[in-house]
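Asker: Can you read through this structure? Questions will come right after.
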Amino acid sequence: MVKLLLFGLVSSVLLSTAATAQPVVFIYPPNPTTIDEIALSIGMLGCGQHIVATRLLGQSIEIDVAGSHPICVLPPPQTITLRLLVPGTYTVRVMYDGIVIGPATTFEVTLAPEHIPAVDQQILFGLACALVIIGTAMLNRHS
């Protein structure tokens, strides 16, 4: 009897947690730039829910989830990867049957700093030597 009561209590907690779970969106990297591939990790989806579609509409990202199961433990986070994005503020909404579930999450993509290529010191030394040799050969040729 006690085991049955304990099972019922645990089951009702798991079911109520799964039914009321709101998705949580994590952004990786936390401060993305225009050269970063951005990953969105969605946690706390309901039992058996999985991502079925992702839409980028301007600066709004909609993630559709589907599926459900009456008895389960909350699944691990699911991750999607976005393409490179232009600078701006983006809003992520998780949707189930066309209805937004949970709070929207916003993040900002900033312009990446300009990349200035660096030359290795050994390569620079090799180029300087080559110029000296070529210059010397050209001077000897004209003398």
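Coordinate-derived values only; no laboratory data. These numbers were taken from a predicted model, which means no experiment stands behind them. Cβ: placed from backbone, ideal geometry, glycine included. Neighbour counts: every protein chain shown.
Asker: Could you calculate the FRET efficiency of Asp120 with Thr79 from 1/(1 + (r/R0)^6), where r is the beta carbon distance between them and R0 is 35 Å, rounded to 0.05?
Answerer: Values: r = 36 Å, r/R0 = 1.04.
Working from the Cβ atoms, E equals 0.45.
Asker: Between Thr89 and Ala66, what's the calculated FRET efficiency when r is the beta-carbon distance and R0 is 35 Å? Round to 0.05. Could the numbers behind the result be given before it?
Answerer: On the way: r = 28 Å, r/R0 = 0.79.
That gives a FRET efficiency of 0.80.
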